[in-house]
Amino acid sequence: MLGLLDAKPQLPIDLLSLGGMSRMVLHWQARSRFCGYCGRPTCWMDSEWGRICNSCGEHTFPAIHPCAIVLVTRPGEVLLARKSNWAANRYSLVAGFQEFGESLEETALREVAEETGIKVSNVRYVGSQCWPFPSQVMVGYVADYVAGEIRVDTTELEDARWFPVDDLPELPPKRSIARYILDKILTLP
Ligand SMILES: [Zn+2]
């Protein structure tokens, strides 16, 4: 059995994307069988991705959860972080879920501050990616370091540190938004 997140995927990228979309649909389908308003069973809408409650008429559309993922830079260095369950020595970007009342730029500011103690500004959009693990859209940004020393939130991260741009650790695979941002901003090969 091969997973969609395998480090060395056996499938071409278009089939991986289709597999990801299928995973996302099945995840949502399994969690939208009953109306969130009245608790009665729902059924598929005829011509779009949605569920409708036959009892109260409530419409429910796919639950896709926005996350900000952000590359923090300062001259000659980037801020990278890792979680304990990632491949050994792999570092990536800080990311987190959008909360009520936030713009995604504000999510980026808050997540970097909460997880690493670093204050950033000048948050600029780079790109986005469907991330079906299980139901996110990752919205990618780059931001400038302003102030602060690294203070790792160990409930979220195993480590965070500044890396010189010419001495980076193992990075996420090319098909990920994290790597896309790194490659684009640092103009890596
Ligand atoms: Zn209902």
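Just in segment 1-104: which chymotrypsin sites (Phe, Trp or Tyr not before Pro) are loop by DSSP and have at most 10 other Cβ atoms within 10 Å?
Of the chymotrypsin sites (Phe, Trp or Tyr not before Pro), the ones in loops of segment 1-104 whose Cβ has at most 10 other Cβ atoms within 10 Å are 100.
Using only Cα atoms and rounding to the nearest 10 degrees, what angle (0 to 90) does helix 13-30 make with the longest principal axis of the chain?
Helix 13-30 sits roughly 50 degrees off the main axis of the chain.
Just the number, please: percent antiparallel of the DSSP beta bridges in the chain, rounded to the nearest 5.
75 percent
Quick check: the angle from helix 104-116's long axis to the longest principal axis of the chain, C-alpha only, nearest 10 degrees?
Rounded to the nearest ten degrees, it is 60.
If one computes the Cα centroid of segment 72-106 and of segment 142-172, what distance in Å separates the two points?
Centre-to-centre (Cα) distance: 7 Å.
Calculate how steeply helix 177-186 sits against the longest principal axis of the alpha-carbon atoms of the chain, using the helix alpha-carbon long axis, and give the answer as 0 to 90 degrees to the nearest 10.
30 degrees
Compare the Cα positions of 107, 133, 122 along the charge dipole of segment 107-157 (+1 at Cβ of Lys, Arg; -1 at Cβ of Asp, Glu; about the Cα centre) and return the one farthest towards the positive end.
So the residue we want is 122.
Carbon and sulfur: what percent of segment 9-135's accessible surface (1.4 Å probe)?
55 percent
Which value at 222 nm does the chain reach when only helices count, each DSSP H run of 4 or more adding -39,500 (n - 2.57), with the total divided by all residues and rounded to the nearest 500 deg cm²/dmol?
Calculated at 222 nm, the ellipticity per residue is -7000 deg cm²/dmol.
From the C-alpha coordinates alone, can you work out the Kirkwood hydrodynamic radius of the chain, in Å?
In the chain this quantity evaluates to 18.3 Å.
Using a simple charge model, +1 on the beta-carbon of Lys and Arg, -1 on the beta-carbon of Asp and Glu, nothing else, what dipole does segment 1-103 show about its Cα centre, in debye to the nearest 20?
400 debye
The values are calculated or read from the model by the stated rules, or taken from the named source; none is laboratory data. Note that the structure is a prediction, hence the values are computed from the model and not measured. Here the Cβ is made from the backbone with ideal geometry for all residues, glycine too, and neighbour counts use every protein chain on show. These accessible areas exclude ligands, DNA and RNA; they are computed on the full protein's heavy atoms, side chains included. Shrake-Rupley method; radii C 1.70, N 1.55, O 1.52, S 1.80 Å.
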